[in-house]
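Asker: Dropping a structure here in structure tokens format, bear with me for questions.
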Amino acid sequence: MKYNKLGLATRIASITLAAALPLAAHAQAANAPWKMSASIYGWLPTVGGTTSFPGGSTGPSIDVDSSKIIDSLKMVFMGTIEGKKGAYGFFSDVAYIDLGNSKTNTRDFSLGQHELPAGLSANLQYDLKATAWTTAATYALVAKPDYSLDLLAGARMLNIKPSLSWQFGGNIAGTPLPGVSGSEAHDKTNWDAMIGLKGRATIGAERKWFVPYYLDVGTGNSDLTWQTSIGLGYQFGWGSVTASWRYLDYEFKSDSVVQSLTLNGPAIAATWQW
């Protein structure tokens, strides 16, 4: 194949440019300064899901609907750190929640596949400790002054520690019970690979107000986990304050002690940037 001088020069220039673009992107990232942010936030979720405490040889399992038992927050710690260097970066978020409550003469439980006799009730003390840690690498798909969108890929760890103590009362004759009274606790850790998107869109000419948004989905030790949030924030010189709604959902394997778990509710965050 023959090229004239102009055609050959054009082809060499195009090949050189195509090869130089990735190198230029990496060089830009290498020369760019780190931009960091850290957040402390409070999340007050409604807890849903079912935990099964096996009854063993003494009777059927006790299944507890968390949403009907838990209404007390005992302890919480939540924070996020994020860094960017050019188009590349990292994101890490941790949330620790300790919830629990006790109920007397309640029927908010089930015994395996058995129907509860009309006169059967229980005193229940249910506690749930949960730590969710999401960590990921990020890449900026869009980085404009009024709109940003990052691709993220990483993993989420969930450690859950449900515990239950019970004492049955009322009409227990003929009902196979896992002990008239007792207690049981479990400790389960799941790791799931996840991918997602996160970003923000500014509102107004001054770009002080903004809408942050987030979505991820993953699987691994869990059948499926996904998380989403959307909110409204205001930018200050030192950082920002954001109010949002956050939803975290888990569907576990069929043989898991915890069959499902949802954390759903409002959050407010303060973010410092440097």
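Asker: Determine, for 51, 271, the number of other Cβ atoms within 10 Å of each Cβ, and report the residues in order from fewest to most. The partial results should precede the final answer.
Answerer: Details: 51 26, 271 20.
The fewest-first ordering by Cβ neighbours comes to 271, 51.
Asker: Given labels modelled 7 Å from the Cα in the Cβ direction, how far is it in nm from residue 102 to residue 247?
Answerer: 3.5 nm
Asker: Ranking 207, 246 by Cβ neighbours within 10 Å, fewest first, what do you get?
Answerer: On the way: 207 12, 246 22.
Final ranking by Cβ density, sparse to dense: 207, 246.
Asker: I would also like to ask the following. For a quick check: sort 142, 76 by the number of other beta carbons within 10 angstrom, fewest at the front.
Answerer: Ascending number of Cβ neighbours within 10 Å: 142, 76.
Asker: Order the peptides 255-268, 151-164 from the highest to the lowest mean number of other Cβ atoms within 10 Å of their residues. Before the final figure, lay out each step's value.
Answerer: Numbers: 255-268: 16.9, 151-164: 18.7.
The most tightly packed comes first, giving 151-164, 255-268.
Asker: Would you mind counting up the charge near residue 190? Only other residues with Cβ under 12 Å from its Cβ, with Lys and Arg at +1 and Asp and Glu at -1.
Answerer: -1
Readers should treat all values here as calculations from the given coordinates under stated rules, not as data from a laboratory. Just so it is clear, the model here is predicted, and its values are computed rather than measured. Virtual Cβ from ideal backbone geometry, glycine too; neighbours counted across all protein chains shown.
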